[in-house]
Amino acid sequence: MAKIPLHFILNGEERAEFVDSGATLLRLLRDKTGDLTAKSGCLQGTCGTCTVLVDGAPRLSCITLAEDCDGADVETVAGLAAHGQLHPLQHAVMEHFAAQCGFCTPGMLMAAKALFLTNPRPSREDVVEALSGNICRCTGYEPIIQAVLSAAQVMSASGPGAA
Ligand code: FES
Ligand code: FES
C-alpha cells in the first residue's frame with residue numbers, strides 16, 4: 001500500500017510521518033506519534049472520546065483521514081498543560097471530581113477547549129451543546145459541565161488568550 005508523507009504540527013512540535021492511504025488521524029496519533037491521549041472508542045464517530053483539535057476546530061480523529069491533516073495544527077489533551085502548569089480545564093476536572101474512569105476525559109477537554117476558542121464565556125446551555133457529542137458512562141455529566149463552566153470563569157478572569 002502506498003505510503004503518504006505528512007508534515008504537521010502536534011502540540012506545537014513539527015512532525016513528519018508516513019501513513020497508509022486511508023489511515024485515520026487517530027491511528028496516526030496513536031501508532032506513529034506515541035500520543036495515546038486520543039482514545040479509541042466506538043471508531044464510528046459517535047462517542048467523542050477521540051476528539052482532538054485540527055486548526056482549532058474539534059474533529060473526531062477516528063473518522064478523520066490522516067492525509068487530510070497534512071500541514072495542519074493538531075492539538076491533543078497532551079498539549080494542554082504548558083510550562084509545567086496544568087490548564088484551567090485540568091484543574092477544574094480535579095476540583096469538581098469530573099473524571100471517574102477517565103476514558104471520556106481527553107475528548108471532553110478538547111471539545112471544551114474548542115468551545116472556549118469561539119466562546120470564552122459560555123453559558124451552561126453552550127457547554128451542554130458543545131459536549132453533546134461526547135459520551136460519559138460514569139459521571140452523569142453534571143460534574144463535567146460544572147468543571148467547564150468553572151474553567152471558563154478562571155480563564156475569563158485571566159484575560160484574552162488564556163485558552
Ligand atoms: S472513537 Fe471516535 S467518536 Fe468514538
Ligand atoms: S469518566 Fe468514565 S466515561 Fe467519563
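Residues of region 92-103 that are part of a loop (DSSP other than H, G, I, E, B), away from ligand 1 (no atom under 16 Å from the Cβ) and loosely packed, with under 13 Cβ neighbours inside 10 Å: F97 alone. Taken over region 114-155, the residue count meeting the criterion of being over 16 Å from the mean Cα position of the chain (by Cα), under 20 Å from M94 (Cα atoms) and open to solvent by 80 Å² or more (accessible area, probe 1.4 Å) is 4.
Within region 38-63, residues that are free of Cβ contacts under 8 Å to residues at least 60 places away in the same chain and within 6 Å of ligand 1 (Cβ to nearest atom) have Cβ atoms under 8 Å from residues that are open to solvent by 40 Å² or more (accessible area, probe 1.4 Å) and among the hydroxyl-bearing types (S, T, Y) in these pairs: C50/S40; C62/S40, counting only partners at least 6 apart in sequence or on another chain.
Scanning region 95-137 for residues that are in contact with a strand residue (DSSP E or B) (Cβ under 6 Å, 6 or more places away or on another chain) and away from ligand 2 (no atom under 12 Å from the Cβ) yields M110, A111, A114. Across region 32-58, what is the total count of residues that are surrounded by fewer than 23 Cβ atoms within 10 Å (Cβ to Cβ) and under 15 Å from F8 (Cβ atoms)? Residues that pass the stated criteria total 9.
The values are calculated or read from the model by the stated rules, or taken from the named source; none is laboratory data. Predicted, not measured: the structure shown is a model, and the values here were computed from it. Here Cβ is always computed from backbone atoms with ideal geometry, including for glycine, and neighbour counts include all displayed protein chains. The protein model used for the area step is the full one, side chains on, heavy atoms only, and it has no ligands, DNA or RNA in it. Shrake-Rupley method; radii C 1.70, N 1.55, O 1.52, S 1.80 Å.
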